[in-house]
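The structure under discussion appears below in the form of structure tokens.
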Amino acid sequence: MKFNQYTWNLYKQSSDGQKAIKEFEEPSNNDTMMDLVFKYNPRMKLWFNDDKSRLSISNISESLWCYNICEFPDEERPNTLEEAKEKYEDVLFRGLTDNDEVLIPVNDYEMMLNSITWTSFLLYYFAPEFFFPNIFIPQIRN
């Protein structure tokens, strides 16, 4: 998938786009990543707004950040689109293990795609020039 640069530039110039982008860059009222996702995609709030779901999302996000995205604090951020693509694939294909507990097995692509909202936020914080938060879950119809 290639993001349309023209559409993105129009969005960045619109007042709604500037407001939303500012909220992600400088969250107000101590909004968390989850608060922003629920604000811009209220449908997700219906699925994940109980304490158990929030804790699970928080734990997986923390583990993804620590073990898959920013494992080494001095790791260089991507400098090219190709390096960003490699980082993305590495995060998705590695699975997730925390203290010898397998949270997401290697090659469990369904689970990794189910966590794409949270992964996209973390990658956005890691390298915002290459990633953007994807807060929309596609509906797959048979």
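The values are calculated or read from the model by the stated rules, or taken from the named source; none is laboratory data. These numbers come from a predicted model, not from an experiment. Every residue, glycine as well, gets a Cβ built from its backbone with ideal geometry; the counts of neighbours run over all protein chains shown. Protein only, heavy atoms only, side chains kept; ligands, DNA and RNA dropped before computing areas. Shrake-Rupley method; radii C 1.70, N 1.55, O 1.52, S 1.80 Å.
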- Rounded to whole angstrom, the alpha-carbon centroid of the stretch 40-59 lies from that of the stretch 75-142 at a distance of 18
- Any chance you could list P(r) for the chain, counting all Cα-Cα pairs in 10 angstrom bins from zero, rounded to whole %? 10, 38, 38, 13, 1
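Check each of the trypsin sites (Lys or Arg not before Pro) in the stretch 37-142 and keep only those in coil by DSSP with at most 12 other C-beta atoms within 10 angstrom; list them in order.
In loop regions of the stretch 37-142 (DSSP not H, G, I, E or B), the sparsely surrounded trypsin sites (Lys or Arg not before Pro) are ARG141.
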- Per residue accessible area of the stretch 8-142, 1.4 Å probe, in Å²: 66
- In the chain, carbon and sulfur make up what percent of the accessible area (probe 1.4 Å)? 53
- Query: Of all chymotrypsin sites (Phe, Trp or Tyr not before Pro) in the stretch 2-88, which ones are in loop regions per DSSP and have a Cβ with at most 13 other Cβ atoms within 10 Å?
  - Reply: PHE3
- Excluding residues fewer than 8 places away in the same chain, name every one of the lysines whose C-alpha is closer than 18 Å to that of LYS39. LYS19, LYS22
- Share of Cα-Cα pairs in the stretch 1-56 beyond 19 Å, in percent? 45
- What are the GluC sites (Glu not before Pro) within the stretch 1-85 that DSSP puts in a loop, where the Cβ has at most 14 other Cβ atoms within 10 Å? GLU71, GLU75, GLU76
